[in-house]
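Please treat every number below as a calculation from the coordinates, not as lab data. From a predicted model like this one, the values you see are computed outputs, not experimental measurements. So basically every Cβ, Gly included, is an ideal-geometry build from the backbone, and we count neighbours across all protein chains shown.
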Amino acid sequence: MLASLEEAGYQYPTQIQAGLIPLALEGVDVVGQARTGTGKTASFAIPILEQMYVGPDARHPQALVLVPTRELAVQVRDEFAKLSFGRPITSVAVYGGKPIRSQIDKLKAGVHVVVGTPGRVLDHLARGTIQMDELEIVVLDEADRMLDIGFRPDIEKILRRCPKDRQTLLLSATVPPPIAKLAERYMVEPTTLNFSPKELAVETIEQFYYTVDPQRKFDLLQRLIEREKPRQAIVFCRTKRGTEKIFQRLSKKLPGVGCMHGDMNQGGRDRVMRGFRDGTISYLIATDVVGRGIDVSAVSHIINFDIPAFSDDYVHRVGRTGRMGREGVAYTFVAPDEGPELTRIEQRINIQLKRGEMENFEMVSAPMPLNRAIDSETGEAIDVPAPPPLPTNLMRRPPKRYRRGV
């Protein structure tokens with residue numbers, strides 16, 4: 001294990017690694033609360049690999065890691081591969097959007113670690129292609145996000161199929177009541193570790209907001225990118241349609257723009273992620289669901305083109321930068337009627353965001369002509385067809401049917 005850590009470039013443990021690894025090696029169930037970018041994947045991968053049996057008769061999974069997104073499944077699988085350097089340990093990622101046959105073939109060939117999304121893991125269980133009889137440990141990674149996107153029934157079905165004497169590790173950026181209830185029901189006297197600061201890492205992430213009319217947001221985005229010249233940036237939008245439209249507009253203005261949302265096929269998403277990791281894509285336009293699985297340490301800027309609907313989503317978005325102690329900056333565009341949403345975010349993170357300034361830029365747009373309107377998802381001004389003329393018979397004065405006083 002030490003040789004693998006040296007090869008991977010690990011020298012000192014992060015806070016969550018120092019806290020979680022010794023407990024995991026003792027076989028204790030652990031609820032670990034920590035924001036993304038703190039090294040939590042290695043905090044469970046290292047003890048799993050340290051205790052892995054690699055004999056010739058070990059053909060069924062000894063560890064199962066459940067994650068919310070396909071992208072995160074691939075990243076966690078790659079981390080296992082990196083940390084098992086020089087050892088005959090096989091890990092496989094299983095998720096939807098890719099043919100199940102190739103996954104079945106890998107599972108039949110023998111595998112030590114399975115990393116997957118709950119839906120696809122259930123599919124394999126139903127087919128009998130994942131065997132649980134040798135399972136020693138289950139990890140629920142980013143558990144809060146899995147519950148957010150409706151995976152709770154699937155998670156519970158999977159946990160009920162797992163051996164009763166397994167060890168369970170639950171990792172989450174937040175621990176709301178549904179997560180606490182899940183831990184209470186499916187874990188045995190878990191030890192709780194909380195490494196999520198009450199405030200986001202102010203020393204590494206600067207946070208600003210701009211109050212800007214929706215129709216000026218795209219122009220502000222352009223100006224902000226021109227001024228900041230980010231190493232790599234993620235632009236978060238609230239909807240898939242808005243994400244696609246901002247991508248189409250920005251890619252006409254700048255090179256190195258990519259897009260990720262839930263309507264894209266898996267091959268397209270994989271290509272975008274490869275481009276973002278190798279630096280050929282500098283600006284990634286994404287929705288919250290896929291953005292949650294992005295773990296790229298070079299991200300220097302987060303731009304919330306749309307203010308998130310939920311405060312916890314802000315925490316997760318901003319956590320994409322300032323990773324592993326690096327500096328980062330986050331900008332949030334706030335429409336004039338979205339003040340309450342900004343206040344809720346500030347209360348959640350216990351920080352007052354700084355008001356951003358942009359020289360020679362009008363945040364308020366000129367009055368809109370009657371034949372123009374604003375696209376609510378992109379802030380783009382669009383033409384509105386003129387209303388049809390009224391029928392002529394409605395424009396004639398009706399005949400007087402009576403006379404006053406008669």
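Could you compute the net charge surrounding Ala63? Neighbours are other residues with a C-beta less than 11 Å from the C-beta of Ala63; K and R count +1, D and E count -1.
On the way: positive: Arg166; negative: Glu134, Glu136.
Taking every Cβ under 11 Å from that of Ala63, the sum is -1.
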**Prompt:** According to a simple spin-label model (label point 7 Å from Cα along Cα-to-Cβ), what is the distance in nm between Leu125 and Asp105?
**Reply:** 2.7 nm
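Please go through the stretch 206-273 and write out the trypsin sites (Lys or Arg not before Pro) that DSSP classes as loop and that have at most 15 other C-beta atoms within 10 Å.
Values: sites: Arg216, Lys217, Arg223, Arg227, Arg231, Arg238, Lys240, Arg241, Lys245, Arg249, Lys252, Lys253, Arg269, Arg271; in loops: Arg231, Arg238, Lys252, Lys253.
Loop-located and lightly packed - Arg231, Lys252, Lys253.
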**Request:** Taking amide H positions as placed in the peptide plane 1.01 Å from N, state which residues far from Arg238 in sequence (5 or more) or on other chains have amide H under 5 Å from it.
**Result:** Asp306
**Asked** Could you state the number of Å between the C-alpha centres of the stretch 43-64 and the stretch 158-199?
**Response** 21 Å
**Fill in**
Rounded to one decimal in nm, the spacing of the 7 Å Cα→Cβ label points at Arg161 and Lys252 is 4.8 nm
**Request:** Anything over 25 Å Cα to Cα? Flag those among Lys82/Lys108; Lys82/Lys164; Lys217/Lys354; Lys229/Lys252; Lys253/Lys354; Lys40/Lys108, in the order listed.
**Result:** Lys82/Lys164; Lys253/Lys354; Lys40/Lys108
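Compute the Kirkwood hydrodynamic radius of the stretch 165-278, taking the inverse of the mean of 1/r over all pairs of distinct Cα atoms, and give it in Å to one decimal.
Values: mean 1/r = 0.0546 Å⁻¹.
So the Kirkwood estimate lands at 18.3 Å.
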**Prompt:** Size of the stretch 106-193 along its principal axes in angstrom, Cα-based, largest extent first?
**Reply:** 39, 27, 18
**Message:** Under 5 Å between amide hydrogens, which residues at least 5 positions from Val94 or on another chain qualify, with H placed 1.01 Å from N in the peptide plane?
**Reply:** Val115, Gly116, Thr117
**Message:** Which residues among the stretch 123-147 fall inside the zone where the amide N is under 16 Å from a point 7 Å beyond the Cα of Asp57, along Cα→Cβ?
**Reply:** 133-135
**Integer Hz, Karplus 6.51/-1.76/1.60 couplings in order for the stretch 66-81, x for Gly and Pro** = 9, 9, x, 10, 4, 4, 5, 4, 5, 5, 5, 4, 5, 5, 4, 4
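What whole-number value in cubic angstrom gives the convex hull volume per residue for the C-alpha atoms of the stretch 46-123? Write down the numbers at each step before the final one.
Details: hull volume 6.8 nm³, N = 78.
In the stretch 46-123, the Cα convex hull volume per residue is 87 Å³.
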**Asked** For the stretch 2-194, max minus min Cα coordinate along each principal axis, in Å, sorted largest first?
**Response** 40, 40, 30
**Asked** What nm distance separates the two modelled labels at Glu226 and Glu359, each placed 7 Å from Cα along Cα→Cβ?
**Response** 1.3 nm
**Request:** Mind running the shape call on the stretch 219-301? Use the C-alpha gyration tensor, a ≥ b ≥ c as the square roots of the eigenvalues: rounded below 1.5 for a/c, prolate if a/b tops b/c, oblate otherwise.
**Result:** oblate
**Prompt:** Around Leu170, which amide H atoms from residues at least 5 apart in sequence, or from another chain, sit under 5 Å from its own amide H, with H modelled in the peptide plane?
**Reply:** Val30, Val31, Gly32, Leu140
